[in-house]
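A.B. asks: Dumping the structure here so I can ask a few things about it.
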């Protein structure tokens with residue numbers, strides 16, 4: 001029986017465990033990436049481990065999220081990260097060099113390698129045949145120190161692509177179709193592996209768009225084979241030596257199969273407020289729009305930008321529409337400037353933003369109140385744009401550009417013939433905004449530069465054997481990390497200050513929660529299905545930890561957030577009988593005895609609702625290592641104890 005591509009790469013990197021679906025495995029990590037919204041905390045955690053120099057093949061720190069410097073906080077964090085990189089052997093991609101996933105694909109990613117990043121869209125690297133996984137900052141810190149990264153051995157879903165995309169239908173429409181079929185929780189515990197003749201028709205940037213937004217499926221990651229298309233991309237980046245041919249065996253056995261005929265796809269849009277709320281553009285109809293934003297790590301490649309420039313050339317953006325465009329990297333921006341495409345965008349009335357995440361994480365460009373915004377981004381959660389009552393639709397660059405001209409949602413297929421867009425034989429190579437690590441003999445002389453906003457991360461204590469705590473908050477299904485720990489220009493600068501950022505925890509759900517949780521001293525949060533979907537931000541676990549949350553009790557968890565809770569020393573439990581969710585109210589006092597014993601040796605906790613006088617069971621589906629981590633009080637304590 002042959003192996004899938006996923007199984008081949010994972011087995012080659014296997015450090016502990018066996019390749020049995022659903023069991024815990026530990027894998028060696030070749031590369032890591034961080035970004036500045038999560039990086040400061042990750043490097044504070046790395047410092048705490050006492051490892052003098054990173055032990056990966058390559059670790060890169062990117063400045064791309066907190067680039068709006070409206071106060072000293074972001075600039076201080078950038079300076080801190082830059083000094084940490086010099087001190088510990090990390091490559092430093094300076095602000096302005098581009099979005100981490102776009103730059104990593106261009107300059108650093110290698111087929112067959114493993115990559116984890118403190119950003120949920122790290123699976124972008126699967127576009128060139130990497131096992132690239134989003135993780136919490138603490139997991140990345142451990143990997144930089146040479147530690148093993150642990151995941152549940154995933155099921156592998158074969159997404160068999162046949163046919164070829166019609167003119168003006170794009171890779172964004174492919175992943176929207178997958179989301180429409182599988183939902184935002186359809187990929188949990190799985191890797192999406194793309195195969196079939198249709199793969200050959202997709203360029204590396206198109207593949208990366210698909211793997212990037214595969215994060216919204218809740219998938220561990222997504223991956224394409226490394227083939228001649230991959231070789232040509234790497235050759236154009238002057239990195240042909242990094243190419244390795246990789247594919248699944250012809251007799252590989254998959255856990256599921258999804259068939260997609262690319263020829264049958266039409267332009268799609270994800271409607272508010274979820275990436276899987278997908279309809280065709282024609283089905284939605286000619287909806288008047290207020291704003292169009294083109295960019296993000298999903299759709300900011302040179303290929304995307306050339307299509308947009310072609311559509312805009314010689315025309316003018318509709319007077320009722322604000323159009324902003326953010327090329328994904330300095331490489332893309334410079335090449336657009338040199339070939340005249342940037343001039344076409346500017347002449348049409350587009351506002352050109354810096355090569356950064358920007359509005360995708362609520363850093364500027366919030367829509368007008370009640371506005372309708374078309375975005376080529378990957379998430380449209382309520383309030384994420386910075387305007388709570390805005391309606392955000394996720395579309396392809398082609399749909400976005402033609403709609404910006406018309407003032408209403410428009411099917412780009414109405415444009416007629418599409419010219420052939422071909423990637424250049426050579427990309428512009430200029431890595432002058434990447435600082436390579438200094439020599440090891442110079443590291444001791446490097447001073448770590450800390451600003452006043454950089455505070456130590458909260459240290460959890462070993463687990464107590466009895467928890468008596470009130471329910472400080474009860475929430476429903478599909479709570480995202482944006483609900484738990486919002487992004488945006490107001491809050492992101494506080495990412496290195498857990499006490500301060502905790503004041504905003506769950507404020508979009510209940511602005512009284514932070515004060516109430518602190519006053520309670522210790523508490524429990526109750527949630528519904530798919531709790532913690534979305535970003536990898538570990539702040540969604542660290543802020544509750546600081547506020548005294550001891551356990552999160554839900555119907556089910558998203559993968560990364562559950563791992564982050566365990567890393568922080570917070571118990572993630574699920575209802576054994578989901579009907580018990582309805583029997584609990586905010587303010588109820590819950591009592592759990594023999595916690596350490598049961599976390600160590602059992603799969604359930606017995607919880608007494610003291611307020612209402614009944615008992616129920618909650619499941620704790622944990623590996624032996626995760627049990628020991630919780631008892632120790634989290635990953636840092638566990639790592640120190642097992643140093």
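The values are calculated or read from the model by the stated rules, or taken from the named source; none is laboratory data. No experiment lies behind these values; they were computed from the predicted model shown. Glycine gets a Cβ as well: all are built from the backbone with ideal geometry, and neighbour counts include every protein chain shown.
A.B. asks: Please specify each residue of segment 187-201 satisfying the condition of being without any contact (Cβ under 8 Å) to a residue 60 or more places away in the chain and either buried (at least 24 other Cβ atoms within 10 Å of the Cβ) or touching a helix residue (DSSP H, G or I) at 6+ places or on another chain (Cβ under 7 Å) (or both).
C.D. replies: Within segment 187-201, 187, 192, 194, 200 meet the criteria.
A.B. asks: Could you grab me the full set of residues in segment 175-186 that are touching a helix residue (DSSP H, G or I) at 6+ places or on another chain (Cβ under 7 Å) and part of a loop (DSSP other than H, G, I, E, B)?
C.D. replies: Across segment 175-186, the qualifying residues are 184, 186.
A.B. asks: Can you say whether residue 292 is touching a residue at least 40 places away in the same chain (Cβ under 8 Å), touching a helix residue (DSSP H, G or I) at 6+ places or on another chain (Cβ under 7 Å), in the same structural domain as residue 353 (by TED's automatic domain parsing) and part of a strand (DSSP E or B), as far as the supplied structure shows?
C.D. replies: yes
A.B. asks: In the list 42, 48, which residue meets the criterion of being assigned to a helix (DSSP H, G or I), farther than 26 Å from residue 379 by Cα, touching a residue at least 24 places away in the same chain (Cβ under 8 Å) and assigned by TED's automatic domain parsing to the domain that holds residue 227?
C.D. replies: It is 48.
A.B. asks: I would also like to ask the following. What is the residue count in segment 309-345 for residues that are over 25 Å from the mean Cα position of the chain (by Cα) and closer than 26 Å to residue 93 by Cβ?
C.D. replies: Total meeting the criteria: 10.
Listed here are the residues, each with its yes/no results for (1) in the same structural domain as residue 133 (by TED's automatic domain parsing); (2) surrounded by fewer than 14 Cβ atoms within 10 Å (Cβ to Cβ); (3) free of Cβ contacts under 8 Å to residues at least 24 places away in the same chain; (4) under 25 Å from residue 191 (Cα atoms).
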residue	(1), (2), (3), (4)
571	no, no, no, no
578	no, yes, yes, no
589	no, no, no, no
592	no, no, no, no
599	no, no, no, no
614	no, yes, no, no
622	no, no, no, yes
630	no, no, no, no
637	no, no, no, no
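A.B. asks: Now a separate question. Only one of 348, 337, 400, 324 is surrounded by fewer than 22 Cβ atoms within 10 Å (Cβ to Cβ) and in contact with a strand residue (DSSP E or B) (Cβ under 6 Å, 6 or more places away or on another chain). Can you tell me which?
C.D. replies: 324
A.B. asks: Follow-up. Select from segment 514-537 the residues that are touching a residue at least 24 places away in the same chain (Cβ under 8 Å), under 16 Å from residue 550 (Cα atoms), out of contact with any helix residue (DSSP H, G or I) (no Cβ under 6 Å at 6 or more places or on another chain) and surrounded by fewer than 22 Cβ atoms within 10 Å (Cβ to Cβ) and list them in ascending order.
C.D. replies: 516, 518, 520, 521, 522
A.B. asks: Can you name the strands (runs of 3 or more DSSP E) wholly within segment 204-289 that have at least 1 residues being in contact (Cβ under 8 Å) with a residue 24 or more places away in the chain and over 23 Å from residue 396 (Cβ atoms)?
C.D. replies: Once the strands (runs of 3 or more DSSP E) in segment 204-289 are filtered for at least 1 residues that are in contact (Cβ under 8 Å) with a residue 24 or more places away in the chain and over 23 Å from residue 396 (Cβ atoms), what remains is 256-261.
A.B. asks: Here's another thing I want to ask about it. Condition first: surrounded by fewer than 21 Cβ atoms within 10 Å (Cβ to Cβ) and either outside any strand (DSSP E or B) or modelled with pLDDT under 95 (or both). Now tell me which residues in segment 8-23 satisfy that.
C.D. replies: Result: 8, 11, 12, 13, 17, 18, 19, 20, 21, 22, 23.
A.B. asks: Moving to a separate point now. For residue 464, state whether it is touching a residue at least 12 places away in the same chain (Cβ under 8 Å) and either on the phi < 0 side of the Ramachandran plot or touching a helix residue (DSSP H, G or I) at 6+ places or on another chain (Cβ under 9 Å) (or both).
C.D. replies: Yes: the conditions hold for residue 464.
A.B. asks: As an exercise: evaluate residue 507 against (1) under 25 Å from the mean Cα position of the chain (by Cα); (2) touching a residue at least 24 places away in the same chain (Cβ under 8 Å) and give the number of the one condition it does not meet.
C.D. replies: So residue 507 meets the others, but not (2).
A.B. asks: Right, next: Please determine whether any residue of segment 550-567 is at pLDDT below 95, under 17 Å from the mean Cα position of the chain (by Cα), crowded, with 24+ Cβ neighbours inside 10 Å and over 22 Å from residue 189 (Cβ atoms).
C.D. replies: No, that holds for no residue.
A.B. asks: Could you check segment 65-84 and list, in sequence order, the residues that are within 19 Å of residue 141 (Cβ to Cβ) and outside any helix (DSSP H, G or I)?
C.D. replies: 65, 66
A.B. asks: Within segment 476-483, does at least one residue satisfy the condition of being in a helix (DSSP H, G or I), assigned by TED's automatic domain parsing to the domain that holds residue 555 and surrounded by fewer than 19 Cβ atoms within 10 Å (Cβ to Cβ)?
C.D. replies: Checked against the condition, which is being in a helix (DSSP H, G or I), assigned by TED's automatic domain parsing to the domain that holds residue 555 and surrounded by fewer than 19 Cβ atoms within 10 Å (Cβ to Cβ), segment 476-483 yields no hits at all.
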